[in-house]
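Reviewing the structure listed below.
The values are calculated or read from the model by the stated rules, or taken from the named source; none is laboratory data. On a predicted model such as this, the values are computed, not experimentally measured, just so you know. FYI the Cβ positions are ideal-geometry reconstructions off the backbone, even for glycines, and counts take in every protein chain you see.
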Amino acid sequence: MEYKQTFICQNEQETIKFGKKLARFARKGDVFLLFGTLGMGKTTLSRAFIQELTEAREVPSPTFTLLQTYETPDFDVYHFDLYRIKSAEEIFEIGVEEAMYEGVSLIEWPEKMEGYQPRSAFRVTIRPEGENGRQIEISTTDSLKKQRLEKLGEV
């Protein structure tokens with residue numbers, strides 16, 4: 001059964017704050033599949049997430065490199081942007097599978113993975129809300145992650 005939490009961010013600053021909150025919620029082995037059209041804030045959310053956990057000041061979008069990796073005291077953060085891959089099998093060449101087990105993965109454009117999306121991942125869908133806001137829906141089917149997601153909504 002799928003469990004969902006929805007959060008509203010009225011502007012980019014609130015999206016940044018939410019990305020930082022989500023980072024504090026992350027644990028080794030978590031995979032965040034970031035869905036949303038161009039300009040929805042996937043990279044903004046990822047950048048805030050990474051900056052909360054690391055000392056990185058510059059967090060470039062991995063659009064051209066496909067992957068950026070960041071060290072934290074507890075795990076590595078793997079930031080993937082799959083927009084440019086041509087086939088789902090390319091994910092194995094850039095190390096998506098290993099990253100899912102070794103750290104925390106933020107994956108932009110996960111629809112490019114097709115059937116390789118992990119079932120236990122957090123699905124983060126970003127949609128427009130009002131004039132400049134965003135609706136961020138996070139869902140999971142994993143019962144343990146559901147309990148964690150419920151707590152995220154309480155914070």
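Against the conditions (1) touching a helix residue (DSSP H, G or I) at 6+ places or on another chain (Cβ under 6 Å); (2) modelled with pLDDT of 95 or more, where does Tyr3 fall short? Just the number, please.
Just one mismatch for Tyr3, condition (2).
Looking at (1) part of a helix (DSSP H, G or I); (2) within 24 Å of Leu144 (Cβ to Cβ), which is the one condition that is false for Lys28?
(1)
Anything in the stretch 1-25 that is of a type in the set (Phe, Trp, Tyr), buried (at least 17 other Cβ atoms within 10 Å of the Cβ) and not in a helix (DSSP H, G or I)? List them, or say none.
Phe7
Does the stretch 77-88 contain at least one residue that is under 18 Å from Leu22 (Cβ atoms), in contact with a Gly (Cβ under 8 Å, 6 or more places away or on another chain) and free of Cβ contacts under 8 Å to residues at least 60 places away in the same chain?
If we filter the stretch 77-88 for residues that are under 18 Å from Leu22 (Cβ atoms), which is where we start, we get 77-81.
Add one more test, that the residue is in contact with a Gly (Cβ under 8 Å, 6 or more places away or on another chain), and what stays is 77-78.
In the following step, the residues that additionally are free of Cβ contacts under 8 Å to residues at least 60 places away in the same chain were identified as 77-78.
Yes, the stretch 77-88 contains at least one residue that is under 18 Å from Leu22 (Cβ atoms), in contact with a Gly (Cβ under 8 Å, 6 or more places away or on another chain) and free of Cβ contacts under 8 Å to residues at least 60 places away in the same chain.
So, of the residues in the stretch 27-60 that are of a type in the set (S, T, N, Q) and touching a residue at least 24 places away in the same chain (Cβ under 8 Å), which turns out to be surrounded by the most Cβ atoms within 10 Å (Cβ to Cβ)?
Within the stretch 27-60, the subset of a type in the set (S, T, N, Q) is 37, 43-44, 46, 51, 54.
Still in the list and also touching a residue at least 24 places away in the same chain (Cβ under 8 Å): 43-44, 46, 51.
Details: Thr43: 21, Thr44: 20, Ser46: 27, Gln51: 18.
Across the stretch 27-60, the extreme among qualifying residues is Ser46.
Within the stretch 86-155, considering only helices (runs of 4 or more DSSP H) that don't extend past its boundaries, which have at least 2 residues that are more than 16 Å from the chain's Cα centre (by Cα)? Lay out the reasoning, then the answer.
Values: elements: 90-93, 96-102, 143-154.
Those helices (runs of 4 or more DSSP H) span 90-93, 143-154.
Out of (1) over 30 Å from Asn132 (Cβ atoms); (2) buried (at least 21 other Cβ atoms within 10 Å of the Cβ); (3) not aliphatic (A, V, I, L, M), what's the single condition that is false for His79?
Unmet for His79, out of (1) over 30 Å from Asn132 (Cβ atoms); (2) buried (at least 21 other Cβ atoms within 10 Å of the Cβ); (3) not aliphatic (A, V, I, L, M): (1).
Out of the stretch 50-82, which residues are part of a loop (DSSP other than H, G, I, E, B) and closer than 18 Å to Pro118 by Cα? It would help to see each step written out before you state the result.
Taking the stretch 50-82 and keeping what is part of a loop (DSSP other than H, G, I, E, B), we get 54-66, 72-75, 82.
If the condition is that a residue be part of a loop (DSSP other than H, G, I, E, B) and closer than 18 Å to Pro118 by Cα, then Leu82 is the only one that fits.
Search the stretch 116-130 for residues that are farther than 20 Å from Leu45 by Cα and pair each with any residue that is assigned to a strand (DSSP E or B) and at pLDDT below 95 when their beta-carbon atoms are under 9 Å apart and the residues are at least 6 apart or on different chains.
These pairs meet every condition: Ser120/Thr140.
Working only within the stretch 31-49, note down all residues that are under 17 Å from Tyr83 (Cβ atoms), part of a strand (DSSP E or B) and aliphatic (A, V, I, L, M).
Step one: list which residues in the stretch 31-49 are under 17 Å from Tyr83 (Cβ atoms), which gives 32-47.
Checking which are part of a strand (DSSP E or B) leaves us with 32-35.
Those that are under 17 Å from Tyr83 (Cβ atoms), part of a strand (DSSP E or B) and aliphatic (A, V, I, L, M): Leu33, Leu34.
What number of residues within the stretch 131-144 are closer than 12 Å to Ala121 by Cβ and in contact (Cβ under 8 Å) with a residue 40 or more places away in the chain?
Here is the first cut: in the stretch 131-144, the residues closer than 12 Å to Ala121 by Cβ are 138-142.
So of that shortlist, the ones also in contact (Cβ under 8 Å) with a residue 40 or more places away in the chain come out as 138-141.
Of the residues in that region, 4 qualify.
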